[in-house]
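Enquirer: This is the structure, below, for whatever I ask next.
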Amino acid sequence: MKSKENLVSLDVLRGIACLLVWISHVRVATRYFVDSRFDFIQVFSAWGKESVMIFFILSGIVINLSSQNKTDQWQYFKKRFIRIYPIYLAILIICFACDNLVLGHAIVPGIFIGNLLLSATLDGYLVPTMPLNPAVWSISCEAFFYLLFGLIYKSKRLSAIWVWFAVCCLSIIYRLLTVDGMGIVHHFIFLMNNSFLWILGYLVFEYRNKFQTSLSVAVCGLLMIPLVTRLHQLPYNVHEVMYFAGGIFLLPLFTYLLRDDTITDGKKIVISYKWVIPVYMVSLLLLWQYSNSLASSKIIYSLLPWLSLILYYKPVQFNIKWVYNRSKPFFRFFAGISYPLYLLHMPIMYLMFYLIPDQKLIGAILCIFLTISISYLFEIYLFKRPAAFLNAYSNLRLSAVKQDRS
């Protein structure tokens, strides 16, 4: 696969993950389907955390890819700031304003400042997430990844990444052995643990030509993730660590998506079913022992990975390729607005449910329309245009410097 098609496939994956996060929060934010008779939809909708896992790995891949162009450190920080902060700031103001003016809650200065400084988490190690928007915990993680990577930008980067990865592993072990608490130490541990997934993305791109796998094995790894992310009866710290372990199951998928079929020289390590099946058996035992999911859900999770075997059947491959090619524009559109959509979808759903709690159909239509349209406008006016202006200004300054030297 050529590099352009690699980027398209990553975009499609980002668009799918974006929609899965949106769908997974419907029951959380609107409370429309909280009745127990709707529990079965959790099998299909509760993929939000797994999708954030994909976002973190994608972020590591994108940063490695974008840092290949030799952008200097200052340019790197400016680009990351423009990508994250203007949209984030607009949503922060909207959330606090709506919470105060619509819901009548007082603004707590400490929580406002903590969110302003991108230091909020779901557990509130330093401060809790902004009102109406618990999803912003992952943006605190992304900001940490970008900051730390920026600090090692001029160093022997790959060596520094491996040191960072080693510290992540030690941090995860520490989390396994300690009781959860509050404060800056636990906040740092939380950020460092989540950076494990980001670094996986960075490294899978770095060594993308050292490994190879098949589509079937890649899909099998993806479908195995619920086996380790649904272990709710494990102690909280162990369950949390299993979430990071789930990122390893995604390595075959990203290895496949980043493959370059034109490179034939050199021996590659093949990720095959003989690697996957032992992990599957252990994960299966854990699922049935430590998950509180419905028995029907456990059966579905147990059988899902075996669906990957049908990809060896040529007509299935043909049909999947046909669907993929025709759905690319749809998913790439959502990939293009995934960041503002991720930040906007929960506040809009919370507000719709508060304003029209009994109008499910109208509320759903308004949520979809407002989320997509505002996300699109935010992407254009709070990211793309400022980024274009910044790029033009930088080129103008560079041109002026060259003229002065001549």
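Enquirer: Keeping to the range 97-133, report how many residues are open to solvent by less than 50 Å² (accessible area, probe 1.4 Å) and farther than 19 Å from residue 339 by Cα.
Expert: Residues that pass the stated criteria total 10.
Enquirer: Looking at the range 221-242, which of the residues that are open to solvent by 10 Å² or more (accessible area, probe 1.4 Å) and touching a residue at least 60 places away in the same chain (Cβ under 8 Å) is nearest to residue 53 (Cα to Cα)?
Expert: 229
Enquirer: For the structure I just gave you, tell me whether residue 374 is in contact (Cβ under 8 Å) with a residue 24 or more places away in the chain, of a type outside the set (Lys, Arg) and either assigned to a helix (DSSP H, G or I) or open to solvent by less than 40 Å² (accessible area, probe 1.4 Å) (or both).
Expert: Judged against the criteria, residue 374 is a match.
Enquirer: Filter the range 307-330 for residues that are touching a residue at least 12 places away in the same chain (Cβ under 8 Å) and over 24 Å from the mean Cα position of the chain (by Cα); which is most open to solvent (accessible area, probe 1.4 Å)?
Expert: My answer is 312.
Enquirer: Kindly provide the set of residues from the range 243-259 that are of a type outside the set (Phe, Trp, Tyr) and open to solvent by 40 Å² or more (accessible area, probe 1.4 Å), ordered by number.
Expert: Within the range 243-259, 248, 251, 259 qualify.
Enquirer: Can you tell me how many residues in the range 286-305 are without any contact (Cβ under 8 Å) to a residue 40 or more places away in the chain, under 17 Å from residue 223 (Cβ atoms) and of a type in the set (A, V, I, L, M)?
Expert: 2
Enquirer: Let me ask something additional. Does any residue of the range 152-160 turn out to be open to solvent by less than 30 Å² (accessible area, probe 1.4 Å), touching a strand residue (DSSP E or B) at 6+ places or on another chain (Cβ under 8 Å) and either aromatic (Phe, Trp, Tyr) or in a loop (DSSP other than H, G, I, E, B) (or both)?
Expert: Scanning the range 152-160 turns up no residue that is open to solvent by less than 30 Å² (accessible area, probe 1.4 Å), touching a strand residue (DSSP E or B) at 6+ places or on another chain (Cβ under 8 Å) and either aromatic (Phe, Trp, Tyr) or in a loop (DSSP other than H, G, I, E, B) (or both).
Here is a yes/no grid of residues against (1) under 27 Å from residue 353 (Cα atoms); (2) in contact with a helix residue (DSSP H, G or I) (Cβ under 9 Å, 6 or more places away or on another chain):
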{"site": "103", "(1), (2)": "yes, yes"}
{"site": "133", "(1), (2)": "yes, yes"}
{"site": "144", "(1), (2)": "no, yes"}
{"site": "152", "(1), (2)": "no, yes"}
{"site": "156", "(1), (2)": "no, no"}
{"site": "161", "(1), (2)": "no, yes"}
{"site": "165", "(1), (2)": "no, yes"}
{"site": "172", "(1), (2)": "no, yes"}
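Enquirer: Considering each of 113, 54 in turn, give the residue that is more than 18 Å from residue 142 (Cβ to Cβ) and modelled with pLDDT of 85 or more.
Expert: Unique residue meeting the criteria: 113.
Enquirer: So residue 211 passes all but one of these: (1) open to solvent by less than 40 Å² (accessible area, probe 1.4 Å); (2) in contact with a strand residue (DSSP E or B) (Cβ under 7 Å, 6 or more places away or on another chain); (3) not charged (D, E, K, R). Which condition number does it fail?
Expert: It fails just one condition, (1).
Enquirer: Restricting attention to the range 102-126, which residues are more than 22 Å from the chain's Cα centre (by Cα) and of a type in the set (Phe, Trp, Tyr)?
Expert: Answer for the range 102-126, where residues must be more than 22 Å from the chain's Cα centre (by Cα) and of a type in the set (Phe, Trp, Tyr): just 112.
Enquirer: Restricted to the range 54-85, and to residues that are among the small types (Gly, Ala, Ser) and crowded, with 19+ Cβ neighbours inside 10 Å, which residue is nearest to residue 13 (Cα to Cα)?
Expert: Filtering the range 54-85 for residues that are among the small types (Gly, Ala, Ser) and crowded, with 19+ Cβ neighbours inside 10 Å, the one nearest to residue 13 (Cα to Cα) comes out as 59.
Enquirer: Residue 181: open to solvent by less than 40 Å² (accessible area, probe 1.4 Å), under 25 Å from residue 234 (Cα atoms) and either over 23 Å from the mean Cα position of the chain (by Cα) or of a type in the set (D, E, K, R) (or both), yes or no?
Expert: yes
Enquirer: For the structure I just gave you, tell me whether residue 396 is aliphatic (A, V, I, L, M), under 16 Å from residue 91 (Cβ atoms), without any contact (Cβ under 8 Å) to a residue 40 or more places away in the chain and assigned to a helix (DSSP H, G or I).
Expert: Working: aliphatic (A, V, I, L, M): yes; under 16 Å from residue 91 (Cβ atoms): no; without any contact (Cβ under 8 Å) to a residue 40 or more places away in the chain: yes; assigned to a helix (DSSP H, G or I): yes.
No: the conditions fail for residue 396.
The values are calculated or read from the model by the stated rules, or taken from the named source; none is laboratory data. Note that this is a predicted model, so its numbers are computed, not measured. A quick note on method: Cβ atoms are made from the backbone with ideal geometry, for glycine too, and the neighbour counts reach across all protein chains shown. Heavy atoms of the whole protein, side chains included, go into the accessibility calculation; ligands, DNA and RNA do not. Shrake-Rupley method; radii C 1.70, N 1.55, O 1.52, S 1.80 Å.
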